[in-house]
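To start, the structure itself, in structure tokens.
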């Protein structure tokens, strides 16, 4: 289905040899969502000229209010995903304390993948390291 990959993903990799089907591939849809979240959560708000609220706030702008910054970052991640990733619904973001690295922030993201027939829950782990780089694993 066309929903499984974004238009830019299809243009970049048209996969002419891929079989055509009317069935939705949930794994491929989840992978496409993961790729988009990696891009979105590694974009600072204000860096997109057409969508100034796309991405997450610059960490330096909110870290001065630590520990309240954790709740602010949870909300920012949840709002950004809710607004710019329509293939997910019921998004929940939760801070998870990291015992091994106090300079690393970890957030768990859970949501429902919007599919045609089956219910599919999805889980991602978002980690922000001390340099501000964000890693998204799912």
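Within the group 127, 110, 115, which residue is outside any strand (DSSP E or B) and surrounded by 14 or more Cβ atoms within 10 Å (Cβ to Cβ)?
Testing whether each residue is outside any strand (DSSP E or B) and surrounded by 14 or more Cβ atoms within 10 Å (Cβ to Cβ) leaves just 115.
For residue 37, indicate whether it is touching a helix residue (DSSP H, G or I) at 6+ places or on another chain (Cβ under 8 Å) and assigned to a loop (DSSP other than H, G, I, E, B).
The answer is no for residue 37.
Give just the number: which of (1) touching a helix residue (DSSP H, G or I) at 6+ places or on another chain (Cβ under 9 Å); (2) over 17 Å from residue 113 (Cα atoms); (3) not in a loop (DSSP other than H, G, I, E, B) does residue 51 not satisfy?
(3)
For every residue, the table says whether it meets (1) out of contact with any helix residue (DSSP H, G or I) (no Cβ under 7 Å at 6 or more places or on another chain); (2) over 18 Å from residue 113 (Cα atoms); (3) free of Cβ contacts under 8 Å to residues at least 12 places away in the same chain.
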| position | (1), (2), (3) |
| --- | --- |
| 26 | yes, no, no |
| 46 | yes, yes, no |
| 69 | no, yes, yes |
| 88 | no, no, no |
| 91 | no, no, no |
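Give the residues of region 85-107 that are on the phi < 0 side of the Ramachandran plot, in contact with a strand residue (DSSP E or B) (Cβ under 8 Å, 6 or more places away or on another chain) and either outside any loop (DSSP other than H, G, I, E, B) or exposed (fewer than 12 other Cβ atoms within 10 Å of the Cβ) (or both), sorted by residue number.
The answer is 88, 89, 91, 92, 93, 94, 95, 96, 97, 105, 106, 107.
Name the residue, out of 138, 82, that is surrounded by fewer than 16 Cβ atoms within 10 Å (Cβ to Cβ), closer than 19 Å to residue 48 by Cβ and in contact with a strand residue (DSSP E or B) (Cβ under 8 Å, 6 or more places away or on another chain).
Exactly one residue qualifies, and that residue is 82.
Laboratory data are not the source of any read-out in this text; all were calculated from the coordinates shown. As the structure is a computational prediction, the values presented were derived from the model and not from experiment. Because the Cβ atoms are built from the backbone with ideal geometry, glycine has one as well, and the counts that use them run over all protein chains shown.
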